[in-house]
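Visitor: Please read through the structure below; I'll follow up with questions.
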Amino acid sequence: MAMNIAIIGDFDEDYKLHLATNDAIEHAKRFIQSDVTTEWIPTDEIQGIPDELAKKYNGFFIAPGSPYKSMAGALSIIKYAREHKVPTIGTCGGFQHMVIEFARNVIGIADAEHAEHDPYASNLVVNPLSCNLKGAPLEVQITNAHSKAFEAYQSHSVTEQYYCNFGLNPDYEELFVKNHFDIVGTDEKKGARIMEIKHHPFFIGTLFVPQDNSTADKPHKLVTGFLKAAELHYNTTSEAASKLSGQLH
């Protein structure tokens, strides 16, 4: 059986970053020589998602392309993945919604909001960036050598492509770090560009779009790291299911 990856987002065949997401997973899949199936799940089909559906996936890729049709749908699957330790990567809009979910359900900011959805909200945890990064390649410093991001890159400095106008509001950074959603990559102005939860198999958000830098010859290291984590999750859950089946019989 193949492991299953769900891509959370509202697929648009004319949006190059959605096509790049498919390609990057395919590049990484061939690199690790693993049997992987992928399925795009529209966000407006996720709200109230039953555990039985979520359990069929070994990893979640929270895609760029927000605002999503259903913010609640995207947040519900992110919450499931975080709580059930299912490997997850979110890029651009995916990063932003991972931040919102964590703020609401872990930090306790029930009305944490995204400026793209409600620019006049009291707690704009995701707000407009001080400078427009859309379409710009920028250097990212990996600030934590013990992070999964550094493990994937094996470098303290990388150059990535941005398409975002929104990011983590610096006023809330301390609360995230205090609650162990760590900032492990920053730009030259020290803005949060990579975040991850340490005690999770793989829960990484990037404000940039790593899949845009992936090629068949050089699969992106973060996407490859995500698939490796998903493969481990698949093997572990399959082994546990097999043992349980043996015990029942």
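Visitor: So TYR120 clears everything in (1) within 21 Å of ILE8 (Cα to Cα); (2) in a loop (DSSP other than H, G, I, E, B); (3) not small (Gly, Ala, Ser) except one condition, right? Which one?
Guide: (1)
Visitor: I need the strands (runs of 3 or more DSSP E) fully contained in region 161-208, keeping only those with at least 1 residues that are polar (S, T, N, Q) and touching a helix residue (DSSP H, G or I) at 6+ places or on another chain (Cβ under 9 Å).
Guide: Hits in region 161-208: 203-206.
Visitor: Can you tell me which residue within region 193-210, out of those that are in contact with an Asp or Glu (Cβ under 7 Å, 6 or more places away or on another chain) and either acidic (Asp, Glu) or over 15 Å from PHE150 (Cα atoms) (or both), is modelled with the highest pLDDT?
Guide: The selected residue is GLU196.
Visitor: Oh, and also: Among the residues of region 130-158, write down those that are at pLDDT below 95 and surrounded by 20 or more Cβ atoms within 10 Å (Cβ to Cβ).
Guide: LEU133 - this is the single residue of region 130-158 that is at pLDDT below 95 and surrounded by 20 or more Cβ atoms within 10 Å (Cβ to Cβ).
Visitor: Restricted to region 7-24, and to residues that are closer than 14 Å to THR91 by Cβ and in contact with a Phe, Trp or Tyr (Cβ under 7 Å, 6 or more places away or on another chain), which residue is surrounded by the most Cβ atoms within 10 Å (Cβ to Cβ)?
Guide: THR21
Visitor: Out of all the residues in region 69-92, which are crowded, with 24+ Cβ neighbours inside 10 Å and in a loop (DSSP other than H, G, I, E, B)?
Guide: VAL86, PRO87, CYS92, listed by residue number.
Visitor: Mind checking which residues of region 1-42 are out of contact with any helix residue (DSSP H, G or I) (no Cβ under 9 Å at 6 or more places or on another chain), not in a helix (DSSP H, G or I) and not aromatic (Phe, Trp, Tyr)?
Guide: Within region 1-42, ASP14, GLN33, THR37, GLU39 qualify.
Visitor: Within region 106-123, is even one residue surrounded by 15 or more Cβ atoms within 10 Å (Cβ to Cβ), within 16 Å of the chain's Cα centre (by Cα) and at negative phi?
Guide: The answer is no; no qualifying residue exists.
Visitor: Still on this model: Of all residues in region 43-67, which are in contact with a helix residue (DSSP H, G or I) (Cβ under 9 Å, 6 or more places away or on another chain), over 15 Å from THR237 (Cβ atoms), modelled with pLDDT under 95 and not in a helix (DSSP H, G or I)?
Guide: Hits for region 43-67 are ILE46, GLN47, GLY48, ILE49, GLY65, SER66, PRO67.
Visitor: Kindly indicate whether any position in region 170-179 is in contact with a Lys or Arg (Cβ under 9 Å, 6 or more places away or on another chain) and under 17 Å from GLU83 (Cα atoms).
Guide: Checking region 170-179: not a single residue is in contact with a Lys or Arg (Cβ under 9 Å, 6 or more places away or on another chain) and under 17 Å from GLU83 (Cα atoms).
Visitor: Could you tell me whether any residue of region 96-107 is hydrophobic (A, V, I, L, M, F, W, C) and in a strand (DSSP E or B)?
Guide: Within region 96-107 (the criterion being hydrophobic (A, V, I, L, M, F, W, C) and in a strand (DSSP E or B)), the answer is no, since none of the residues qualifies.
Visitor: Please pick out the residue among ASN127, ASN123, ASN105 that is without any contact (Cβ under 8 Å) to a residue 60 or more places away in the chain and either β-branched (Val, Ile, Thr) or over 16 Å from PHE166 (Cα atoms) (or both).
Guide: That would be ASN105, the only listed residue that is without any contact (Cβ under 8 Å) to a residue 60 or more places away in the chain and either β-branched (Val, Ile, Thr) or over 16 Å from PHE166 (Cα atoms) (or both).
The values are calculated or read from the model by the stated rules, or taken from the named source; none is laboratory data. Since this is a predicted model, take the numbers as computed values, not measurements. All Cβ positions, even for glycine, are placed from backbone atoms using ideal geometry, and neighbour counts span all protein chains on display.
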